[in-house]
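Notes follow the structure.
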């Protein structure tokens, strides 16, 4: 049901704009139309905005909001691992680290993030606030509705999964078949990196080797052109030449239009402020309309017998409550007794284990400190142990303590003091496996 939609993707280059309109159906996707706008930065926005509006109108798609892929050099991509952190707690955890994820110091920064599949890794995209403000104002002046601002890797990830997830590992170079030159944009996926997207200002062979090392791929893994991994278009306009090798550079634009066409199946990270985002797909309202209609019909059918059924149900429910109330009271009292007994048993078990654990510590320390060494004090808690004493050579004690399965992170808490018979020491160590 969700593989229905039409999307507009735009790739904002350093000089030109590329536009693609795609249509997705459950049996595949096709290129509806493409548009190339030259020198958009130096031309009046209203002029090329009119070209874009006429382009959409010719395809009966004037209602669409476009997904724009920003130049890769203007977007910073980071990967943050948060094991055990829920989706509700992730925003606070990422905001806590935000200042360490970019080099912009006191400048305003736009950012967005999302969990990568079901992994514990989050994809974070960042850009200067001034950059986002520039593109937002530029497209607004051109009269172009925007669904979002993202980068190429962010659009590629959901597009690869439009019909079926890709087989890992993935190592793809944008424009490989066209003989792409530096800077090269490389996209990848592996077990160690659920998503990888980077731009390299290096020769292709060196860039691929660095990306393979980052992805921890087997040596000799051959890269593929990104266009070969994305869903193939089933048809395109007559002017669209399938045999042109340059079409391999079409991949980021194709990915953006696919992601825009089916937002219910996955959306890229979006650097556009929430209040400026527009929705475009009319098909996304079809499930809501259908379900609302079915609900309205059911409500009408139930209104006639609602009062009768409610009264009968209330009588039956009250009779059951009266019958089961004594049993419920007994069960509740029994539950309280069981809970209290269980708590007492746990407390006794912990107390017994704590005594044995303390004795084991004394035994370990006795074996580690052969005569004439001795302890002047021994303090234990559930989390740590503090020992003080005298030994002929104290500098080997930390290694002995850390070698024990009962201690870790040993450290001196005071400088060693030399006496006539040895060295006085005081050590703190973390307990391992101690009962609470």
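The values are calculated or read from the model by the stated rules, or taken from the named source; none is laboratory data. Since the structure is predicted, the reported quantities are computational estimates derived from the model, not experimental observations. When we count neighbours, we look across all protein chains shown, and the Cβ atoms used for this are built from the backbone with ideal geometry, even at glycine.
Below, the figures for the structure above:
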| read-out | value |
| --- | --- |
| Residue 163 vs. criteria in the same structural domain as residue 253 (by TED's automatic domain parsing) and farther than 13 Å from residue 252 by Cβ | yes |
| Residues of segment 381-391 satisfying the condition of being at pLDDT below 85 and either loosely packed, with under 10 Cβ neighbours inside 10 Å or outside any loop (DSSP other than H, G, I, E, B) (or both) | 381 |
| Of the criteria (1) part of a loop (DSSP other than H, G, I, E, B); (2) surrounded by fewer than 14 Cβ atoms within 10 Å (Cβ to Cβ), which one residue 394 fails | (2) |
| Flag if residue 175 is part of a loop (DSSP other than H, G, I, E, B), surrounded by fewer than 23 Cβ atoms within 10 Å (Cβ to Cβ) and not assigned by TED's automatic domain parsing to the domain that holds residue 55 | yes |
| Qualifying position, being modelled with pLDDT of 90 or more and over 20 Å from residue 113 (Cα atoms), among 200, 242 | 200 |
| Residue among 12, 54, 62 that is under 23 Å from residue 261 (Cβ atoms) and either surrounded by 15 or more Cβ atoms within 10 Å (Cβ to Cβ) or not assigned by TED's automatic domain parsing to the domain that holds residue 115 (or both) | 12 |
| Out of 154, 148, 188, sole residue that is in contact with a strand residue (DSSP E or B) (Cβ under 8 Å, 6 or more places away or on another chain), surrounded by 20 or more Cβ atoms within 10 Å (Cβ to Cβ) and outside the structural domain of residue 13 (by TED's automatic domain parsing) | 188 |
| Identity of the residue in segment 403-422, touching a residue at least 24 places away in the same chain (Cβ under 8 Å) and touching a strand residue (DSSP E or B) at 6+ places or on another chain (Cβ under 6 Å), that ends up nearest to residue 363 (Cα to Cα) | 407 |
| Selected residue [in contact with a strand residue (DSSP E or B) (Cβ under 6 Å, 6 or more places away or on another chain), within 24 Å of residue 253 (Cβ to Cβ) and modelled with pLDDT under 90] from 174, 221 | 174 |
| Residue under evaluation residue 357, criteria (1) out of contact with any helix residue (DSSP H, G or I) (no Cβ under 9 Å at 6 or more places or on another chain); (2) modelled with pLDDT under 85; (3) within 17 Å of residue 431 (Cβ to Cβ); (4) in the same structural domain as residue 413 (by TED's automatic domain parsing), criterion not met | (4) |
| Residue within segment 203-225 that is touching a residue at least 24 places away in the same chain (Cβ under 8 Å), touching a helix residue (DSSP H, G or I) at 6+ places or on another chain (Cβ under 9 Å), surrounded by fewer than 22 Cβ atoms within 10 Å (Cβ to Cβ) and on the phi > 0 side of the Ramachandran plot present | no |
| Positions within segment 121-133 being touching a strand residue (DSSP E or B) at 6+ places or on another chain (Cβ under 9 Å) and farther than 29 Å from residue 265 by Cβ, in sequence order | 128, 129, 133 |
| Residue ID - surrounded by the most Cβ atoms within 10 Å (Cβ to Cβ), chosen from residues in segment 82-104 that are touching a strand residue (DSSP E or B) at 6+ places or on another chain (Cβ under 7 Å) and more than 17 Å from residue 119 (Cβ to Cβ) | 101 |
| Residue in segment 108-120 that is modelled with pLDDT of 90 or more, more than 18 Å from residue 271 (Cα to Cα) and in contact with a strand residue (DSSP E or B) (Cβ under 6 Å, 6 or more places away or on another chain) present | yes |
